[in-house]
1. Tell me the mean residue ellipticity at 222 nm calculated for the chain from its helices only (DSSP H runs of n ≥ 4, each -39500 (n - 2.57), averaged over every residue, nearest 500).
2. Quick one: Karplus J couplings for the range 121-126, per residue in order, coefficients 6.51, -1.76, 1.60, θ = phi - 60°, nearest Hz, x for Gly and Pro?
3. Accessible area per residue of the range 208-276 at 1.4 Å probe, in Å²?
4. Round to the nearest 0.05 the FRET efficiency obtained for Glu123 and Glu267 when R0 = 35 Å and r is the Cβ-Cβ distance.
5. From Cα coordinates alone, what are the radius of gyration and Dmax values for the range 163-246 in angstrom?
6. Looking at the range 210-242, which trypsin sites (Lys or Arg not before Pro) are DSSP coil and have at most 16 other C-beta atoms within 10 Å of their C-beta?
7. Just the number, please: carbon plus sulfur as a percent of the accessible area of the range 31-161, 1.4 Å probe, no ligands or DNA/RNA counted.
8. Within the range 175-309, what whole-number % of the accessible surface is contributed by carbon and sulfur, with the 1.4 Å probe and all protein chains included in the calculation?
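The values are calculated or read from the model by the stated rules, or taken from the named source; none is laboratory data. Keep in mind the model is a prediction, meaning the values are calculated, not measured. Methodologically, a virtual Cβ is constructed for each residue, glycine included, from the backbone with ideal geometry; neighbour enumeration extends over all protein chains shown. Surface areas here come from the heavy atoms of the whole protein model, side chains and all, with no ligands, DNA or RNA. Shrake-Rupley method; radii C 1.70, N 1.55, O 1.52, S 1.80 Å.
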Amino acid sequence: YMTYLRHILLVSMVLVAVACSPKPLMVSQIADLVDDGITAFERDDDLELMEKAFPANIKLLETLLANSPDDNQLLTLLSRLYGSYAFGFVETRLEKTLYLGPSVDTGGQNLESLRDQVNRYYEKGVDYALHALENRAPGAANAFQKVDTIAPYLEQLGDKEVAPLYWYGFNLGAWVNRNLDSISAVSRAHVARQVMQRVIEIDPAYHYGGAHLFLMAYFGSRPPMMGGSQIKAREHYQQLKQVAGDDYLLPDLFFARFCLPQQQDREAFVAVMQRIVDHPSGNSDMALYNAIAARRAVIYLSAVDTWFE
């Protein structure tokens, strides 16, 4: 009930801003409200409510963007919302269908439809973040196309660019991981890796240490011949724990899902997933992500034979 009231209050504030402000100021005020409101989203573990709230906010921001197409805050917010929605909800339905078969929870969508949807949302997230980076530091699109121009471009970025840079890497990396059967997609993995390494250099704690989370999965899921390293994966896992603490469940989920199959440690995998499922819900800044982790852990436990002999 309180969550419902919070969303009603946010809508009321938006309407007041629209009624009382000139267009540029209105756009800025609403973007600020949504930006601040994302923290409230992440503290809410009601997945059914949040799954409905994300698309509504995405459409609101895209409407505003039509009136202010180069607003970096809107562009970054849209990249963040598309990436978070795709990861938390669409990709979860895709994984459930992939490992457990179709169910009513997928809304009647088949595997191919879910794949197309999750790819489309991650691609939108990439495009919005890239637009924001181009506005702040022109040359991103060209720099990311060549191996020898990525590092020089990234070196010029600082605190003001860390948000669009992170969400560019998040969406690109997630898109790559969902298209490992595509040579063109896999060839972009090194871009996401370098982007996230630069994010760590600028602000290792950004978004609960999310760059460490990405790199842990990146190094942990790959065999050595493809650049994988269990040592590097564990280092990022340990650094992530220092940043986000033990109550953040996504690090444990990703470590078990991507690293433990490489080590063929089935017993540890089951123990970690069960602990995530049994973890008590509660008020925290990461409540939404912990609820997503618990939902994913149920799927992975049911599909344990997929990864272990």
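1. Details: 17 runs with 226 residues, N = 309.
Using -39500 (n - 2.57) per qualifying helix, the result is -23500 deg cm²/dmol.
2. With coefficients 6.51, -1.76 and 1.60, one gets 6, 5, 5, 4, x, 4 Hz.
3. Details: 3090 Å² over 69 residues.
With all protein chains present, the range 208-276 gives 45 Å² per residue.
4. Details: r = 38 Å, r/R0 = 1.10.
The calculated FRET efficiency here is 0.35.
5. In order Rg, Dmax, the Cα atoms of the range 163-246 give 12.3, 37 Å.
6. Passing sites in the range 210-242 do not exist.
7. Numbers: 2930 of 5950 Å².
Looking at the range 31-161 in its full context, I get 49 percent from C and S.
8. Working: 3240 of 6250 Å².
The value for the range 175-309 is 52 percent carbon and sulfur by accessible area.
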